[in-house]
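As C-alpha cells, the structure follows; a few thoughts come after it.
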Amino acid sequence: MSFNELHKATEQALTKAVDDICDEFYISDEKLQELTDYFIEQMEEGLNKQDATSSKGLPMIPSFVTGMPNGTERGVVLAADLGGTNFRVCSVKLNGDHTFQLEQMKSKIPDELLDDESVTSKDLFSYLSRRTMAFIKKYHPEYLAPNSESLPPLKLGFTFSYPVNQTSLNSGCLIRWTKGFKIADTVGKDIVELYQNELNAQGLPFVHVVAMTNDTVGTLLSHCYCSDNTDSLTSGDITEVAIGCIYGTGTNGCYMEEIKNIKKLPEEDRKRLLDEGKTHMVINTEWGSFDNNCKHLPTTKYDVEVDQKSSANPGFHLFEKRVSGMYLGEILRCILVDLHDQGVMFNQYRSYDQLPQRLKSPLELSSEVLSHIEIDDSKELAETELSLLQSLRLPTTFAERHSIQKLVRGISHRSAYLAAIPIAAILKKTNALNKRYHGEVEIGCDGSVVEYYPGFRSMMRHALALSPIGAEGERKVHLRIAKDGSGVGAALCALVA
Ligand code: GLC
C-alpha cells in the first residue's frame, strides 16, 4: 500500500470508529420515553423507602422546607456555600421586594483538601471556619470588638451541595461525597454540628448555623424570591416555579411534593406537619444517582471507565457521570485514548506511554474546552487546534479535529437529552402542566453547563418536546437561569429558621 492509500485507509477507519461511537451516544425518542417512565417509578420508590444511605435508588431526600418565599421576605443573614470548586461566605440583605444585595468572599477550595487521602473532617471544617472568620473580620468587625456580647447572634444558612440524610432544617448526616471530595471520616456525621463546632473553636460562637440546604433547594427558593411569578410572554398569567436544578460540576434537582406522598417521613412528623397546615415539602431528588443499577441508562465502555477509574465514588451518581460538567471532558479523553489504542488517531505516538502526559491524566480535560470545540467554525478548525494544544499539549490533524468535534457534539447531545429526563418526569408526576388554565411553569436552573455550554438549553428543549410531556408541554416550560441561588436560598432558609 502506498503512503497515500495508507493515509486514506486510516482516515476511513477513523470516520467509521467515530461514527460508531456517536451512534452509541445517540438517545432515541423511545429511550427518552423509557427513561422518563423509569425516573417516575424511581421517584415513587424513593419517596417510600426509608433508607437513602445504602440504597442504589433515587435518594429523594426530604428537605424540611415546607413553604416558598414570595419575595416580601426582609432581613440580613449570613450564608455559606460549599460546592465542588469554591467556598463562599456571603452576607445577604433581602429587601422584601424581590431584590437583594449580596457581599461575598469566595475562595477556591485548596487542592490538598480535595486530593490528599489523609485529610480529615476537622481539616475541612476548620478551613471553612477560618474563611468565615476572614469574612466576619471584613464585613462584621463589630462582632470581634470588645463589648460585642450585647449584639444578637448572626444567623447563617449553609448550602452544602452533597447528599445529606436530612433530619430537620439544621441537622443531617452526609450519605456520601460526590464530585471531588474523598474525606472518609465525614460520612455519617452531622454536617451542621461539624461546622458549628469549628466555628466555636475559631472564636465565632455568635455565628449560629440555623439551616442547612442543598444547592438545588437554594436555587428553587431564590428563584421564587426573585421571580415576580408572572410571565410577560403570557400577558401576566401566574406561572409556578416547579423545579430548582443544577447542571454544573454536578447535577441535581428538587421540587415540591405533597407531604401525604412522602411515606418515608416518620408517621409522627407527617401528622404534625399536616396538623400545622403544611401540605408540601421540597424534596432533594439527588438525581445524579438516577439508575445506579444501569437498568435503563445508556452505558458505553467509556462510561464504565470514567466511573471505575476516574471518579472518587465508583458505582454511584452514574447519571451525573453522563451529564455534568465534571465528566464531559473526561468522557472525551477516554475516547481519544481508546482511538489511539485502536490505531486510528495520533499515530505519531507509537505507544500509550508516548502520549502527552495530560492526555493520560484523568479529569485533566475540562468541559470548557469542549464548549469551544462544539461551536468552532474557524477555517480548518484552527481554534480547536489551539484549544487542544493549550489544554492537552496535543497536536492534531484536520481529520482528527473534525472527528473530535463530532465526538464532542455526540457527548453534549447525550448529556442535554439525559438532562431533560428528570424535568419531564417531575412535571409529569406532579401534573404541573395541567394545574392552571395555561399551566405554565418556570424551572430555576444554575450551573456552568446550563448557563454557558453553547446550545445546551436548546438541546434540552428538543428532548423535552420528544419526551412524554410532548411539544405542547415543552412550550409551557420556561428554563430560567437563577443566579446566586445557593447564597440567597440559604439566606432565605436561615431567615425563617
Ligand atoms: C452532586 C451532589 C448534589 C448537588 C449536585 C449539584 O450531585 O450530590 O447534592 O446538588 O452535585 O451541585
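The values are calculated or read from the model by the stated rules, or taken from the named source; none is laboratory data. Just so it is clear, the structure is predicted and the values come from calculations on it, not from any experiment. Quick reminder, even Gly has a Cβ in these numbers, built from the backbone with ideal geometry, and neighbours come from all protein chains shown. For accessibility, only protein heavy atoms count, side chains too; no ligands or nucleic acids. Shrake-Rupley method; radii C 1.70, N 1.55, O 1.52, S 1.80 Å.
Let me make sure I get this right: for the stretch 130-178, a, b and c are the square roots of the gyration tensor eigenvalues over alpha carbons, sorted descending. Under 1.5 in a/c it's rounded, otherwise prolate if a/b > b/c, else oblate. Which is it?
In terms of gyration-tensor shape, prolate.
Note down the relative contact order for the chain as a percent, whole number, built from C-alpha pairs under 8 angstrom at least six residues apart.
In percent, rounded to a whole number, it is 22.
What is the antiparallel percent of DSSP beta bridges lying wholly in the chain, to the nearest 5?
65 percent
Quick one, can you get me the convex hull of the C-alpha atoms of the stretch 75-213 expressed as volume per residue in Å³?
Spelled out: Cα convex hull of the stretch 75-213, divided by residues, is 113 Å³.
Please go through the residue pairs Lys56/Lys93; Lys406/Lys429; Lys263/Lys483; Lys122/Lys260; Lys271/Lys428; Lys106/Lys295 and name each one whose alpha carbons sit more than 31 Å apart in this structure.
Lys56/Lys93; Lys406/Lys429; Lys263/Lys483; Lys122/Lys260; Lys106/Lys295
Using alpha carbons only, how many degrees (0 to 90, rounded to 10) separate the axis of helix 191-201 from the longest principal axis of the chain?
The two axes meet at around 70 degrees.
Nearest 10 degrees is fine. How inclined is helix 398-430 to the longest principal axis of the chain, computing both from alpha carbons?
30 degrees
When the Kirkwood radius is taken over all Cα pairs of the chain, what Stokes-Einstein diffusion coefficient follows at 20 °C and 1.002 mPa s, in µm²/s?
90 µm²/s
Only helical DSSP H runs with n ≥ 4 go in: add -39500 (n - 2.57) per run for the chain, normalise by residue count and round the 222 nm mean residue ellipticity to 500 deg cm²/dmol.
Mean residue ellipticity, 222 nm, calculated: -13500 deg cm²/dmol.
In a solvent-free Debye calculation with one equal scatterer on each Cα, what is log10 I(q)/I(0) for the stretch 6-113 at q = 0.12 Å⁻¹, listed in the order of the q values?
-0.89
Calculate, in whole percent, how much of the Cα-Cα pair population of the stretch 372-420 lies beyond 14 Å.
Cα-Cα pairs of the stretch 372-420 separated by over 14 Å account for 51 percent.
Could you list the trypsin sites (Lys or Arg not before Pro) in the stretch 435-482 that lie in coil according to DSSP, counting only those with at most 16 other Cβ atoms within 10 Å of their Cβ?
Taking the stretch 435-482 and a limit of 16 other Cβ atoms within 10 Å, the loop trypsin sites (Lys or Arg not before Pro) found are Lys435, Arg436.
Quote the charge dipole size of the chain about the Cα centre in Debye, to the nearest 20; the model charges only the Cβ of Lys and Arg (+1) and of Asp and Glu (-1).
For the chain, the charge dipole is close to 580 debye.
Need one number: % antiparallel among DSSP beta bridges in the stretch 75-213, to the nearest 5.
Just about 65 percent of them are antiparallel.
What is the angle, in °, between the Cα long axis of helix 29-48 and the longest principal axis of the Cα atoms in the chain? Nearest 10 is fine, range 0 to 90.
Here the helix axis deviates by roughly 30 degrees.
With every protein chain present, what is the per residue accessible area of the stretch 75-213 (1.4 Å probe, Å²)?
Per-residue value: 42 Å².
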